[in-house]
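Undergrad: Structure provided below as structure tokens; questions to follow.
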Amino acid sequence: MYMALLLSVLVHGHRGARAMMPENTLPAFEYAIGAGADVLELDLAVTKDDVLVVSHDPTLSRTICTGPGEGSPPIRTLTYEELQQWDCGARRNPAFPKQTPMPGTRIPKLDQVLALATRGTFGFNIETKIFAEHPEYTPTPRRFAELLLEAIRRHGLEARVIVQSFDFRTLHAMKELAPEIRLSALDERGKADFVAVARQAGAPIVSPEKRLVTADKVRAAHEAGLQVVPWTANTPADWDRLVDAGVDAIISDDPAELIAYLKKRGLR
């Protein structure tokens, strides 16, 4: 199991490998697996018929997807069958010039991604995309957690999954349903120290935006028995700072480059 590697800096492939392949798609996850990522990081939305699908945005982005009609419909308003009319691989994300378009690529079910577990011992870092200000985008926090737990158990991956969120309601629900599932508190505001954020979420992992990380904050988190997994770091300068601060893992859009960097530093 990849837990044995915690003495080194683990690599989480952000949305699979967004720098190289269309985000949150099977080609992106397969690329990250081939690169040697320790963990696949991904995001969840829920269709009208309660199918868990892998998408960062609750609405379909015309920047990276093409589909029928106009506008950007919420995924929650579409059945899974209707969602399959959308191609989310043909358009290169303009923010990632190295990305290779993969025409015909659909938004995958979570089950399809979890089925990749047989290809290695890597973990899955799964973010529940849920929004208190937009309850229409998702089921209730409890139902969201139930659907996710059913999928995790269906694949027997309880020991290989982390559930993360900015909205701690799904983390609290998951902890009540299955206390054995590891949880991670995402933080982009930095209004509290890492220990306070983790305690608020009831999580043993805190996942701050990379600019919030300092050596003192990491040290305090470690003293409290927490792990620190920042996001999303894509340059050697950022990696230098995070590694020197003592983080446990790094979430990156380019897992292959991060792995090569860590090997140069003797950390893999």
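Undergrad: State whether the residues of region 234-253 include one that is among the charged types (D, E, K, R) and surrounded by 24 or more Cβ atoms within 10 Å (Cβ to Cβ).
TA: Yes, region 234-253 has at least one match.
Undergrad: Count, please, the residues in region 133-149 that happen to be in a helix (DSSP H, G or I) and surrounded by 13 or more Cβ atoms within 10 Å (Cβ to Cβ).
TA: Here is the first cut: in region 133-149, the ones in a helix (DSSP H, G or I) are 135-137, 141-149.
Right, trim to surrounded by 13 or more Cβ atoms within 10 Å (Cβ to Cβ) and you get 137, 141-149.
Number of matching residues: 10.
Undergrad: Let me ask something else about it. Does any residue of region 24-39 turn out to be of a type in the set (D, E, K, R), farther than 12 Å from P108 by Cβ and either within 11 Å of the chain's Cα centre (by Cα) or surrounded by fewer than 24 Cβ atoms within 10 Å (Cβ to Cβ) (or both)? Step through it out loud before you land on a result.
TA: Kept after step one, since they are of a type in the set (D, E, K, R), are these residues of region 24-39: 30, 38.
Within this subset, residues satisfying the condition of being farther than 12 Å from P108 by Cβ are 38.
If we keep only those that are either within 11 Å of the chain's Cα centre (by Cα) or surrounded by fewer than 24 Cβ atoms within 10 Å (Cβ to Cβ) (or both) as well, we get none.
Taking every residue of region 24-39 in turn, none turns out to be of a type in the set (D, E, K, R), farther than 12 Å from P108 by Cβ and either within 11 Å of the chain's Cα centre (by Cα) or surrounded by fewer than 24 Cβ atoms within 10 Å (Cβ to Cβ) (or both).
Undergrad: Among the residues that make up region 192-210, is at least one of them within 20 Å of E127 (Cα to Cα), buried (at least 23 other Cβ atoms within 10 Å of the Cβ) and among the hydroxyl-bearing types (S, T, Y)?
TA: yes
Undergrad: Can I ask one more? Just for region 30-85: of the residues that are of a type in the set (G, A, S) and touching a Ser or Thr at 6+ places or on another chain (Cβ under 8 Å), which one is nearest to R268 (Cα to Cα)?
TA: Taking region 30-85 and keeping what is of a type in the set (G, A, S), we get 32, 34-37, 45, 55, 61, 67, 69, 71-72.
Okay, now just the ones that are also touching a Ser or Thr at 6+ places or on another chain (Cβ under 8 Å), so 45, 61, 72.
Working: A45: 34, S61: 36, S72: 42 Å.
Across region 30-85, the extreme among qualifying residues is A45.
Undergrad: Ok, one more. So G34 passes all but one of these: (1) in a helix (DSSP H, G or I); (2) touching a residue at least 12 places away in the same chain (Cβ under 8 Å). Which condition number does it fail?
TA: All conditions pass for G34, except number (2).
Undergrad: Are there any pairs with C-beta distances below 6 angstrom linking a residue in region 190-209 that is over 17 Å from H172 (Cβ atoms) to a residue that is in a loop (DSSP other than H, G, I, E, B), with the two at least 6 apart or on different chains, and if so which?
TA: If the second residue must be in a loop (DSSP other than H, G, I, E, B), the pairs left are V195/A224; P208/P230; E209/E188.
Undergrad: Let me ask something else about it. Pull up region 185-207, narrow it to residues that are touching a Leu at 6+ places or on another chain (Cβ under 8 Å) and assigned to a strand (DSSP E or B), then point me to the one that is farthest from R241 (Cα to Cα).
TA: A185
Undergrad: Right, another one. If you go through region 48-90 one residue at a time, how many are in contact with a Pro (Cβ under 7 Å, 6 or more places away or on another chain), in a loop (DSSP other than H, G, I, E, B) and without any contact (Cβ under 8 Å) to a residue 40 or more places away in the chain?
TA: 3
Undergrad: For region 225-249, give me the residue count where each residue is touching a Phe, Trp or Tyr at 6+ places or on another chain (Cβ under 8 Å) and within 21 Å of F168 (Cα to Cα). Walk me through it before giving the result.
TA: Taking region 225-249 as the starting set, the residues that turn out to be touching a Phe, Trp or Tyr at 6+ places or on another chain (Cβ under 8 Å) are 226, 228, 233, 236, 239.
Next, from what is left, pick out any that are within 21 Å of F168 (Cα to Cα): 226, 228.
Going through region 225-249 one residue at a time, the tally reaches 2.
Each reported figure results from applying straightforward, stated rules to the coordinates on display, with no laboratory input. Small disclaimer: the values here were computed from a predicted structure and weren't measured. Glycine gets a Cβ as well: all are built from the backbone with ideal geometry, and neighbour counts include every protein chain shown.
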